[in-house]
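The values are calculated or read from the model by the stated rules, or taken from the named source; none is laboratory data. These numbers were taken from a predicted model, which means no experiment stands behind them. Heads up, the Cβs are rebuilt from the backbone with ideal geometry, glycines too, and the neighbour counts pull from every protein chain shown. Note: accessible area is taken over every heavy atom of the protein model, side chains too, but ligands, DNA and RNA are not part of it. Shrake-Rupley method; radii C 1.70, N 1.55, O 1.52, S 1.80 Å.
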Amino acid sequence: MSVEGPQLPVGTQVVLRVAGPDDQGGTAQRGATGRVAGITGDGRYAVRLVDGRETVARRDQLSLRTAYQDEALELTQPDGDLLVREHTIYAVVVGSRAFGLDTDASDTDTRGVYVAPTESFWSLAKPPAHVDGPEPEWFSWEVERFCELALKANPNLLEVLHSPLVVQQTALGQELVDLREAFLSQLAYQTYSGYVLSQFKKLEADFRRDGAPKWKHVMHLIRLLLSARSLLLEARLIVDVGPYRERLLAVKRGELPWDEVEKWRLSLHAELDDALGRTVLPATPDVARVDDWLRSVRRRSINDA
């Protein structure tokens, strides 16, 4: 008989989930702790208890000591899919379709924001900060987590706030959209430019090793630089690539030489440096304004309960 799952190394601290006989004619009680001493011929674990006795148990009759403590406190976790279905305030299509880079084969990627009821945070079982689903290609953030990441100029979340393809929007969702300028700041320079720089170093390694990078990824990195440039220069995020569509798609198809793509990237980095010196964006986002709104959302959730 083989041991199911990852094998527990000798010395691992475990807890017995069920009572069983020990090697001295007694009983090893449920909850007794010990260490794995070896594996028996039939695939069970030999466990040496803290008082020196030994017992044997199957893997499903043992818990790691720290996991056993967590299991003892286990509560029913909030249903993430239900939160998305019943408490979404804003959802949009992002990705290639929002960027104007879609083709017949493009997926429809949806991103949303939900507001977990305030009372759910009073439990030991907190609502999830994000939910993958319930529909395919649909990912959502709880409003607090969304605000945290957007204030840090996370490109993915800023694009959610500026996508023209709105799927769902409540009154609270409209308030969030009306607040989107408060999330914009010069932090975008670091997040956009820094991310692209780090990713291109990895792509260069791919190019040297394989002779070609992942061209779709290259296209989206160039798109990020274009987006950051307009954000710094115009203090607004333009999601659709507009006149750059065909050239970006040529990058995706691998039709532009790597040297030409690299030259374009370096030129855009230089333009970003120049734009940073001329931008009207504030150095930091309006955290207080966003925080005031989030507090009001939590208060209204209590009143509506």
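Which percent of the accessible heavy-atom area of the chain goes to carbon and sulfur, probe 1.4 angstrom?
That share works out to 51 percent.
Looking at the stretch 53-180, what % of its DSSP beta bridges pair antiparallel, to the nearest 5?
Roughly 70 percent of the DSSP beta bridges within the stretch 53-180 come out antiparallel.
Could you work out the helix-only [θ] at 222 nm for the chain, with each DSSP H run of four or more residues adding -39,500 (n - 2.57) and the total divided by the number of residues, to the nearest 500 deg cm²/dmol?
Helices in the chain give a 222 nm mean residue ellipticity of -13000 deg cm²/dmol.
Given the convex hull over the Cα atoms of the stretch 61-177, what projected area results after averaging over all orientations, in nm²?
Its Cα hull, projected and averaged over all orientations, spans 10.0 nm².
Shape of the stretch 112-203 from its Cα gyration tensor (a ≥ b ≥ c, root eigenvalues): rounded if a/c is under 1.5, otherwise prolate when a/b > b/c, or oblate?
prolate
Using +1 at the Cβ of each Lys and Arg and -1 at the Cβ of each Asp and Glu in the stretch 58-115, identify which of Leu75, Leu64, Thr110 lies farthest towards the dipole's positive end.
Most positive-ward Cα: Leu64.
State, as an integer percentage, the relative contact order of the stretch 185-305 based on alpha-carbon contacts under 8 Å between residues 6 or more apart.
So the answer I get is 35 percent.
What three numbers, in Å, describe the spread of the alpha carbons of the stretch 161-305 along their principal axes, ordered from the longest?
If we take the Cα atoms of the stretch 161-305, the spans are 60, 34, 29 Å.
Quick one: which residues, 5 or more positions from His130 or on another chain, have an amide H under 5 Å from its amide H? H modelled 1.01 Å from N in the peptide plane, none for Pro or chain starts.
Residues meeting the criterion, in which the H sits 1.01 Å from N, are Glu142.
Per residue, how much accessible area does the chain show when a 1.4 Å probe rolls over the protein heavy atoms, in square angstrom?
That works out to 53 Å² for each residue.
As I understand it, the dipole of the chain uses +1 on the Cβ of Lys and Arg and -1 on the Cβ of Asp and Glu, about the Cα centre. Which of Val160, Val239, Val14 lies farthest toward its positive end?
Projecting each Cα onto the dipole axis, the largest value belongs to Val14.
Nearest 20 debye, what's the magnitude of the dipole of the chain about its Cα centre given +1 on Lys and Arg Cβ and -1 on Asp and Glu Cβ?
Using only the charged Cβ atoms, the result is roughly 620 debye.
Indicate, rounded to the nearest 5 percent, the antiparallel portion of the DSSP beta bridges found entirely in the chain.
Here the antiparallel bridges make up roughly 85 percent for the chain.
Taking a temperature of 37 °C and a viscosity of 0.692 mPa s, what whole-number D in µm²/s does Stokes-Einstein yield for the chain with Rh from Kirkwood over alpha carbon pairs?
Result for D is 140 µm²/s.
With a 10 Å radius around each residue's Cβ, average the other Cβ atoms per peptide and rank 215-221, 125-131, 226-232, 294-300, highest first.
The most tightly packed comes first, giving 226-232, 215-221, 125-131, 294-300.
Which one, Pro282, Gln199, Leu294, projects farthest toward the positive side of the charge dipole computed for the stretch 196-305 from Cβ point charges (K/R +1, D/E -1)?
Leu294
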